[in-house]
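Chemist: Take this structure first; my questions come after.
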Amino acid sequence: MGPLDRVAGAHDAAVLAVARRGEPVSRAGLADALQVTPQAISKILARLIDRGLMAEAGTISSGPGKPTTLYSIVPSSRRAVGLHLTRTRVHGVVTDLTGRVLERLVTPIPSGTAVPELIALLAETARTLAAHGDGELLGVGVGMPGPVDSETGVHLGVSPGTEAWHDAAIRDLLLAELGLPVLVDHDSRSALVGESWSQPGLLHNAVLLLVEDGIGAALCLDGTIVRGAHSRAGKAGHMVVQMGGEPCTCGRRGCAQAEHLAALRAGDEQRAADVLATVVLDLVRLVDVDRVVLGGRSVHAHHGPTMTAIRAAIDEGLSGPDSGHVEVLLSTRGVDLIAAGAACEVLEHEYGLPTSLVGPEQ
C-alpha cells in the first residue's frame with residue numbers, strides 16, 4: 001500500500017492524527033475536531049477502513065435513537081523500523097502505527113568501522129527487527145549525529161568518531177542493501193518527530209534539546225520542523241556560553257558542549273545543568289516557543305538537577321507581563337527516543353506531512 005494520495009491525504013492524515021491520541025472517536029467527534037461535515041468524515045473513514053488503518057470500535061448510547069458507532073486506529077496495520085546510529089552502537093526498534101515500540105536491539109560498532117561494514121551492520125539490524133510485529137513494513141528510518149542532508153541522505157559531519165562517514169550516501173547505500181524505503185536525518189530532528197507523532201498537535205511551537213555524546217536541538221515553528229539552508233539548523237552545542245572557556249572540537253572556546261562535558265567530568269552536576277539551562281533560555285528567547293522537550297542519555301542520567309535548573313532559568317528569564325508561558329517536559333521515550341523517532345519519521349512520511357523518504361524505483 002502506497003502513501004495517501006495527494007488529494008485526500010491531508011484530510012486522511014488529520015483523522016489519523018486525532019485517532020492516534022488513543023480514545024475511540026465518533027463521526028460527529030471527528031467532524032467537530034476537524035471542522036468538516038459528517039458526510040466528509042464518512043468518506044474519509046471509508047478510505048481508512050478500506051486500507052486497514054482504522055476500524056469500528058463498538059458503539060455507545062446516549063439516549064433514545066440509534067447508538068453511536070466509534071472508530072479507532074489499528075496499530076498493528078503498519079510497522080516501521082528505526083535505527084539510532086551513534087559513534088559506538090546502533091540502537092534499533094520496530095514500532096507499530098502509533099509509534100509504540102514492539103522490539104528493540106542494540107548492536108555495538110567497533111571503533112573505526114568503515115562505511116561498507118557500517119551499512120552491512122545497519123541492514124542486518126533492520127532485517128532482524130523487521131521479523132517482529134504484524135502489518136505492512138513501511139520502511140527504515142535512521143537518526144544519526146549530524147549534520148545530515150535529509151534530502152539526499154548524505155552525512156555531512158566531520159566530528160571526532162564519525163570522520164569515516166563524511167560524505168557517505170547512507171540512505172542510498174542502505175536502500176540498495178535492503179530494497180526498502182529509507183529515510184536518514186539528524187538525530188535531534190528524528191527525536192522531535194517521534195515526540196510529535198505520539199502527541200499530535202502538542203508540539204506546534206517547540207524546541208527539543210537532545211543531550212547524548214554532544215548537544216543538539218530541533219525546532220518546530222508553526223507546525224514545521226526547521227532544517228536550515230544547509231541542513232545544519234540546531235547545532236546548539238556550539239553556542240558559546242563562556243567566553244574564553246573550555247576548548248571545543250569546533251575550534252572555538254566556551255561552547256555549551258565543551259562546558260557541559262567538562263562539568264560532568266569534574267562531577268559538577270549543577271554546573272552542567274546550568275549550561276543546559278542557558279542554552280534553553282537563549283533558544284526560547286530567540287524563537288518564541290511554548291514547549292521545551294528534554295531528551296538523550298545524559299539528560300535522563302541527570303534529569304533532576306537539569307529540569308530544576310531549566311525551569312528556574314525560564315521563570316527568571318521570562319518574567320514580566322509580556323512573557324508567555326513555557327512548559328518544560330522530559331521525553332517519556334527514554335533510551336528509545338531517537339530510534340523510535342526515526343521510525344516515526346517513516347510513519348510521518350506515509351501518513352502525515354511529507355519528508356524525504358525514498359524507495360526503490362517502480
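Chemist: Quick check on my filter: what residues within the range 299-314 are buried (at least 21 other Cβ atoms within 10 Å of the Cβ) and in contact with a strand residue (DSSP E or B) (Cβ under 9 Å, 6 or more places away or on another chain)?
Modeler: Initial filter on the range 299-314 (buried (at least 21 other Cβ atoms within 10 Å of the Cβ)): 299, 306, 309-310, 313-314.
Listed by number, the residues that qualify are Val299, Thr306, Ile310, Ile314.
Chemist: Just wondering, is there one or more residues in the range 94-107 that are closer than 27 Å to Pro200 by Cα and polar (S, T, N, Q)?
Modeler: yes
Chemist: Another one. Tell me whether the range 187-200 contains one or more residues that are farther than 19 Å from Ser231 by Cβ and surrounded by fewer than 21 Cβ atoms within 10 Å (Cβ to Cβ).
Modeler: Yes: the range 187-200 contains one or more residues that are farther than 19 Å from Ser231 by Cβ and surrounded by fewer than 21 Cβ atoms within 10 Å (Cβ to Cβ).
Chemist: Looking at Trp197, Trp165, can you tell me which residue is closer than 25 Å to Val287 by Cα, in contact with a Gly (Cβ under 8 Å, 6 or more places away or on another chain) and among the aromatic types (Phe, Trp, Tyr)?
Modeler: On the way: Trp165 fails: closer than 25 Å to Val287 by Cα.
Answer to the check: Trp197.
Chemist: Does Leu53 count as surrounded by 15 or more Cβ atoms within 10 Å (Cβ to Cβ) and in contact with a helix residue (DSSP H, G or I) (Cβ under 6 Å, 6 or more places away or on another chain)?
Modeler: Working: surrounded by 15 or more Cβ atoms within 10 Å (Cβ to Cβ): yes; in contact with a helix residue (DSSP H, G or I) (Cβ under 6 Å, 6 or more places away or on another chain): yes.
So Leu53 passes the test.
Chemist: Outside the structural domain of Gly214 (by TED's automatic domain parsing), of a type in the set (S, T, N, Q) and at positive phi: is that true of Gln35 in this structure?
Modeler: Values: outside the structural domain of Gly214 (by TED's automatic domain parsing): yes; of a type in the set (S, T, N, Q): yes; at positive phi: yes.
Against the criterion (outside the structural domain of Gly214 (by TED's automatic domain parsing), of a type in the set (S, T, N, Q) and at positive phi), Gln35 qualifies.
Chemist: Further question on the same structure: Residues of the range 26-53 being of a type in the set (S, T, N, Q) and assigned to a loop (DSSP other than H, G, I, E, B), which ones? First the steps, then the outcome.
Modeler: In the first step, residues of the range 26-53 are kept if they are of a type in the set (S, T, N, Q); the result is 26, 35, 37, 39, 42.
Once the filter is applied, which keeps residues that are of a type in the set (S, T, N, Q) and assigned to a loop (DSSP other than H, G, I, E, B), the range 26-53 yields Gln35, Thr37.
Chemist: Still on this structure, I have one more. From the residues in the range 187-225 that are within 26 Å of Asp274 (Cβ to Cβ) and modelled with pLDDT under 90, which one is nearest to the chain's Cα centre (by Cα)?
Modeler: Only one residue tops the list, namely Glu212.
Chemist: Okay, moving on. Checking the condition free of Cβ contacts under 8 Å to residues at least 60 places away in the same chain and assigned to a strand (DSSP E or B), which residue from Ala263, Ala229, Ala218, Ala273 passes? Break it down stepwise before answering.
Modeler: Values: Ala263 fails: assigned to a strand (DSSP E or B); Ala229 fails: assigned to a strand (DSSP E or B); Ala273 fails: assigned to a strand (DSSP E or B).
Selected residue: Ala218, the only one of Ala263, Ala229, Ala218, Ala273 that is free of Cβ contacts under 8 Å to residues at least 60 places away in the same chain and assigned to a strand (DSSP E or B).
Chemist: Let me ask you something else. I'd like to know if the range 131-138 contains one or more residues that are within 25 Å of His155 (Cβ to Cβ) and within 20 Å of the chain's Cα centre (by Cα).
Modeler: The initial filter retains those residues of the range 131-138 that are within 25 Å of His155 (Cβ to Cβ), namely 137-138.
Right, trim to within 20 Å of the chain's Cα centre (by Cα) and you get 137-138.
Within the range 131-138 (the criterion being within 25 Å of His155 (Cβ to Cβ) and within 20 Å of the chain's Cα centre (by Cα)), the answer is yes, since at least one residue qualifies.
Chemist: With the condition kept exactly as written, say whether any residue in the range 163-173 is surrounded by 24 or more Cβ atoms within 10 Å (Cβ to Cβ) and either within 13 Å of the chain's Cα centre (by Cα) or not β-branched (Val, Ile, Thr) (or both).
Modeler: For the range 163-173, residues surrounded by 24 or more Cβ atoms within 10 Å (Cβ to Cβ) and either within 13 Å of the chain's Cα centre (by Cα) or not β-branched (Val, Ile, Thr) (or both): present.
Chemist: So in the range 315-335, with the set limited to residues that are of a type in the set (Val, Ile, Thr) and farther than 12 Å from Leu276 by Cβ, which one is surrounded by the fewest Cβ atoms within 10 Å (Cβ to Cβ)?
Modeler: Filtering the range 315-335 for residues of a type in the set (Val, Ile, Thr) gives 326, 328, 332, 335.
After this cut, where a residue has to be farther than 12 Å from Leu276 by Cβ as well, the list is 326, 332, 335.
Details: Val326: 22, Thr332: 12, Val335: 16.
Per the criteria, the residue is Thr332.
Chemist: Also, I was wondering about something else. Mind listing just one residue for me: the one in the range 91-113 that is surrounded by fewer than 23 Cβ atoms within 10 Å (Cβ to Cβ), out of contact with any Pro (no Cβ under 8 Å at 6 or more places or on another chain) and of a type in the set (S, T, N, Q) and, of those, nearest to Ser196 (Cα to Cα)?
Modeler: In this case the residue turns out to be Thr107.
Chemist: Quick one: Leu180 ticks every box in (1) of a type in the set (A, V, I, L, M); (2) assigned to a loop (DSSP other than H, G, I, E, B); (3) within 16 Å of the chain's Cα centre (by Cα) bar one, so which box is it?
Modeler: (3)
The values are calculated or read from the model by the stated rules, or taken from the named source; none is laboratory data. Computed from a prediction, not measured in an experiment: that's the story for all the values here. Every residue, glycine as well, gets a Cβ built from its backbone with ideal geometry; the counts of neighbours run over all protein chains shown.
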